[in-house]
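First up is the structure itself, then whatever we jot down about it.
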Amino acid sequence: MNAPVKIETTLKDWETDQEVRWCPGCGDYAILKAVQRTLPQLGCDPKNTVFISGIGCSSRFPYYMETYGFHTIHGRAPAVATGAKLANPDLDIWLVTGDGDGLSIGGNHMLHVLRRNVNMQIMLFNNEIYGLTKGQFSPTSRIGTRSPSTPVGSFDRPANPASFALGAGARFVGRGFDVSKNLPDVLKAAHAHKGAAFIEIFQNCIVYNKDVFEDFAAPKGAGDRQLWLEHGKPMLFGDPKTGLDKGIALDRDGLHLTVVDATEDSWQDAGVLVHDATNRVIAHMLVEMPFGSFPMALGVIYDDPRPTYESSVAEEREKSTAGKQANLAKLLGSGQTWTVDGTAADPV
Amino acid sequence: MATQAAHSPDSPQSPDAVVVRFAGDSGDGMQLTGGQFTLSTALAGNDLATFPDFPAEIRAPQGTLFGVSAFQINFGSREISTAGDAPDVLVAMNPAALKVNLSALKPGGLIIADTGEFTKRNLDKAKYETNPLEDGSLAKYKLLAFDISALTIEAVKEFGLGNKDALRSKNMWTLGLALWMFDRSREPIHDWLNHKFRNKPDIAKANIAALDAGHAYGETAELAGPLQQVHIPPNPTAPGLYRTITGAESVSLGLVAGAQLAELPMFFGGYPITPASAILHHLARLKEYGVTTFQAEDEIAAICAAIGASWAGSLGVTSSSGPGIALKGEAMGLAIMTELPLVIVNSQRGGPSTGLPTKTEQSDLYQAIYGRNGDAPMPVISARSPSDAFECAIEAVRIAVHYMTPVMLLTDGYIANAAEPWKVPDPASYEPFPVNFMTERRGEQLLPYKRNEKGARPWIKPGTPDLMHRIGGIEKHEETGNIDYSPDNHQAMTDARKAKIDNIAVPDQEVSVGQEGGSLAVVGWGSTYGPIHQAVNRSRAKGMDVSQIHVRNIWPLPANLGALLKSYDHVLVPEMNTGQFKTVLRDQYLVDAQPLTKTSGQPFQIAELEAEIAKFFDGIEGNEGGQVPTNDDQLPTRESGHDDGSSRRKSSH
C-alpha cells in the first residue's frame, strides 16, 4: 500500500444526492454524521475510500457516502471486501454491518476476516434486533426479548460481538454508541490501526428495540455507567461534575475484574488498572464485564497490530515468483512434451 | 487410422487400438501407474483417452471391494475419442480388483493377476468363496497369474527395504510389464522416477529396478504363456508440439490465457471440493502470471471474494462442483445484478447432495441455466474434452468481460481427471480482447448503468477520480444505478439483463458428423462427445443416416440451432442425467427431442449409444429388429466419418 496522501475535504464532500431512508430518529443518522465528520479530519481521499455492506438497515450506509460503495448480499460483505482489498490494496475499506448481518448469517465470514487480519475498518451496528425484516430477535438480543418470532420472549443466549471479535483473533476491538461524541475518536483509532479493526457501535432502533441501551447511553448518570478506556490512563469512572470516584481493579486471587472506590489521587493505592490496549487477557475481561455491577467498557479496548493479510499475500507472491517470468507459450508447452513432424510421431 | 485398413480380429499383435485397465487397491498406486503409462503412450505417438475411476475414500480399508481404484486407457494408431467400452487387458492387483472389474473385460480378454495377493484373507474380503484363478471360472478369458508381489520383493532385494516398502514398488513392476507388452520405452519413466525421488536416490533406484524387472519378465514370459508383445504404430497427427493434459490443467491454463488476452490480473477464489480442487492447486503455482489465489472459508466467500476482486478491476474467477455451486447461487445473482464479469467453473459430479463425489455426471445443467432466484440469466459454456476446456475457458473470459456478466463453464469429473494428448497452441494465434475501463465521465452526469451497443454497462474501478458511485444487489435505476423500485424501471432492467444475455454473439452450430437434415440427429453436450462421435461414425458406416451435433454454447444457444434440429426427422439427446438438455431443447424449439439418459457415474459406452441409434432404423434392410450387431470390421475411417450424406436413407421409425 502506497503512503496515503492527505486530501482536503469537508463533510459536504462525503454526502451523496440520495435521500437518506432510515426511520426518523434512527441511531444510524448519528453514525453517518460521525463518519462524514471523521473522514475529512483523517484527510481521506474519497476516490480510494470504499464502503462495503451486507444487508440490513445498517447496510444502506454506502448509498449515503460519496465514495465507491458496494451494497452486497446478506452476511457476505467481509468476503467481498477481502477480494477487493487483495485486488487493490490501496483501497481504504470500511465495512458496514449489523448484529444479524455480521454475527448471524455472516458470522462465519466475520470470523475469517478478523483472523486473517485483512486491513479494513469493520463497523458493526448493534441494535440487538432485526430491523429491516420488522423486529425479530437477533443473535445479540437479550434473553426475554419479545418479538414477532418470540411472542413470549426469546431464550437464545446472546452473543457478545466484542468478545466474539477477540475470540476470532481480532487485533483491534473498539466500542462506541451512535450519539456518543467520542465515536469519531474510536473511528480514528480504528483507521490508524493496520489490520482488521472491529468496532461495535451500539445503535438505537427506535421502532423495534427503542432505548435498549439507555441504561448506559443516557446522558443522565452516564459517568457512572460508561468506562471510556484510554491507553496508558487509569480505568476510572464516575460523574465528572462531582469527580471520578470508582475504578476497575484486578482481583488477583480470583482472576476477575472488580469495581473499587478510587479517585484521581488515590487510584494507585486502590489498585486501579492502567489501560494497556495491547493486553489481550484484560481486553477479554473488559468486554465481558456484566453491565449493572460494572460500567460498559467503551473506546479502544484492544489495539495490537500484526502483519496484515494483504501484506502476507504480497510477500508470498514475491517469494513464489522470485526469478520466474511469465511466458505463456512456455507455460502451455511445459510438462513432458513431444513433437510430431510430418505424419509420424517422434518421441522425444 | 487415417488410411490403413481396420484391424482384423485375427491379428491381435497389431490391433489399431487397445484398451487396458489397471485395477488395484486404492493404496496400490494405480492412478500413478496409469498416468505414467499414459505418458509413455503419448510419447510413442498414439492417440489416447483415459478414464481414472477411484473411490471417494482416501484410503479405503485394504483389499475391500469399495476400495478398488482403476485407471483405464484406450490408445491406438487411429483417432481415439473415448476411454474405450471394454478393456482388452485387465491388470488386477488383488481379488477385489478382479471382482469389481471383471464384468467389463472383453470375452477373450487378458487378465494379469498378482497371485501373491490372492490369499484366503483377501479372497474373503472380495467375497470369493473359491480362488477364481484356480476354480476355472475365468475360462473364457486368457489368464496370466503369477506372484508379482514376490517378484517385486526379489527385484528390490539389494536395496534392503522392508517387505512393506518393497511392495510399494509393485505398481512399477507392473508398469514395466505393461511397457514391455506394448513395446514402450522405459527411459521417460526412469527420468521421471529419478526426478520424483531426487532426494531419495535409493527409492528411485528400487523403483527403477522393479520397473526393469517387470519389463524383463515380459520378455521371458512371452515364450511360455498367453503374453504377447503388441505393437501399436503411431497415430498420424498434425505436426507440432504435443503434451498430455487433463481438464483441470486445461481450464487453469485457459483462464490464465484468457486473463492475459483481456490484459487483466486474475483473482481466483476457491474452496476445496472434489473434483474441482485441482484447478485451485494449478493456479496457486502460477502467481507470476498475475494470478492471486484465495482459499476461502467456504464456497460463498470464494465467489464473493471473486466478485469483490472483479469490482476492484481484476478478473474474478471461482470454481466448484455442484454442491458448492448451489451455495454460490445467491452471489451469482449479485454478479448478475451488479453486472460484473466473473467466471464460474463447475466440474460436475454425481448428485444430488454429496452424491457421488468422484464419479461423473451432467446433472447440473438446469442448475447452470436456471438455478438462481429471480430472472437471472447467465451464459453457460460446456467443454467437451480436456483439451477443449482450454478454448472454452478463454471463451468464458471473453464473454464475461465483453458483456459484463458472470459466465458458467461446465466440465465434469471425467473431463477434470482424464488426460488426452493436446497439440500445444500458440498464444499469439488468439485475438487479444483488452478491457477498457471507464476512466472519465461521458457527459455531465455519471451513468454507471448506461449500456453500450452490446448491452454492457461500463466497468469502473474504485480508485478512479471523479467516478464515485454505488452498486448493489438491490434493483437500480437503468442509467444512474441509484436504488429504484419503480415498476417501469424493474421491467426495463429485467428486460435489459435478459436482452444482454440473449444477444451474446455465439457461433452458429455446426454438424460434427453428417449433414444438416436427414433421419436422425444425435445431440450432445459436454464430455459425451467422444462416445457419441464414435457411435455416430459406426452407425453411418452401417448405412444409417445419422448426424452428430455437439453443443458448446448451452446458453444462449446458437441462433441456428432450432432450424437445424427441425431439419431432422428425429432428435436423440444422450446425456448423463435424467434428460435435462432434452427438456431445454423441447422448451426452446418445440422439437420432439428424445432422451437417452444414464446416471451410473460411468461415461456412455459406444455400444450402448449404437444400440439406441439403431432403434431409429429398424425399417432399413438388415435391421428389421431394430438391432444392428456390432461389427468392428465396419469401423469407419476418419474421412468416411464426414461423408457427404450419400448413404442417407429414410427412416420408417
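The values are calculated or read from the model by the stated rules, or taken from the named source; none is laboratory data. Source: prediction; values computed, not measured. Cβ: placed from backbone, ideal geometry, glycine included. Neighbour counts: every protein chain shown. Please note that ligands, DNA and RNA were not included when accessible areas were found on the heavy atoms of the full protein model with its side chains. Shrake-Rupley method; radii C 1.70, N 1.55, O 1.52, S 1.80 Å.
Worth a mention:
- Cα-based Rg / Dmax (Å) for the range A:29-120: 12.5, 34
- Taking 24 Å as the straight-line reach from the Cα of B:Lys598, the lysines in range (excluding those fewer than 8 positions away in the same chain) are B:Lys99, B:Lys106, B:Lys359, B:Lys582, B:Lys615.
- Tail weight of P(r) past 32 Å, computed on alpha-carbon pairs of chain B, percent: 54 percent
- Per-residue average of Cβ from other chains inside 10 Å of A:55-62: 2
- Positive contributions from Lys and Arg (+1) and negative ones from Asp and Glu (-1), summed over other residues with Cβ under 14 Å from the Cβ of B:Arg372, come out at 0.
- Packing, taken as the mean count of other beta carbons within 10 Å per residue, orders the peptides B:35-44, A:203-212, A:121-130 from highest to lowest as A:121-130, B:35-44, A:203-212.
- For the range A:180-233 and the range B:557-608, distance of Cα centres in Å: 63 Å
- Among the listed pairs B:Lys127/B:Lys196; A:Lys134/A:Lys220; A:Lys85/A:Lys319, those beyond 28 Å (Cα-Cα): B:Lys127/B:Lys196; A:Lys134/A:Lys220
- With Cα atoms, 0 to 90° folded angle of helix A:309-321 axis to chain A main axis: 20 degrees
- Over 57 Å [Cα-Cα, the protein assembly as shown], rounded percent: 26 percent
- Nearest 10 degrees, 0 to 90: helix A:107-116 Cα axis against chain A principal axis: 70 degrees
- Computed on chain B, with alpha-carbon pairs under 8 angstrom and 6+ residues apart, the relative contact order is 11 percent.
- Entry note: chain A has Rg to Rh equal to 1.10, where both radii use alpha-carbon atoms and Rh is the Kirkwood radius.
- With all protein chains in place and ligands, DNA and RNA left out, the 1.4 Å accessible area ranks B:Ile273, A:Ile301 as B:Ile273, A:Ile301, largest first.
- Calculated [θ] (222 nm, deg cm²/dmol) that DSSP helices of n ≥ 4 give over chain A, each run adding -39,500 (n - 2.57): -7000 deg cm²/dmol
- Once you reduce the range A:1-48 and the range B:453-496 to the center of their Cα atoms, the two points are 22 Å from each other.
- Of the complete DSSP H runs in chain B, those spanning 27 angstrom or more by Cα along the long axis with a mean Kyte-Doolittle score not below 0.0 are B:201-224.
- Residue-averaged beta-carbon neighbours from other chains (10 angstrom radius) around A:315-328: 4
- The range B:104-179 shape via C-alpha gyration tensor axes, a/c threshold 1.5: oblate
- Square roots of five times the Cα gyration tensor eigenvalues for the range B:427-485, Å: 25, 14, 11
- Close amide H partners of B:Met266, meaning residues 5 or more places away or on another chain with modelled amide H under 5 Å apart, are B:Val291, B:Thr292, B:Leu315.
- The overall shape of the range B:156-259, judged from the alpha-carbon gyration tensor, is oblate: a/c is not under 1.5, and a/b is no greater than b/c.
- Threshold 40 Å², the range B:414-444 residues less accessible with all protein chains present than alone (1.4 Å probe): B:Pro427
- Taking the empirical scaling 2.2 N^0.38 Å for compact globular proteins as reference, the range B:388-443 has a Cα radius of gyration ratio of 1.55.
- Peptide A:88-101, shielding by other chains (average Cβ, 10 Å cutoff): 2
- Of the peptides A:190-201, A:214-225, B:53-64, A:92-103, the order by per-residue mean of other Cβ atoms within 10 Å, starting with the highest, comes out as A:92-103, A:190-201, B:53-64, A:214-225.
- Averaged over residues, the count of other Cβ atoms within 10 Å places the peptides B:329-336, B:392-399 in the sequence B:392-399, B:329-336, highest first.
- Rounded to 10°, Cα long-axis angle of helix A:27-42 versus longest principal axis of chain A: 60 degrees
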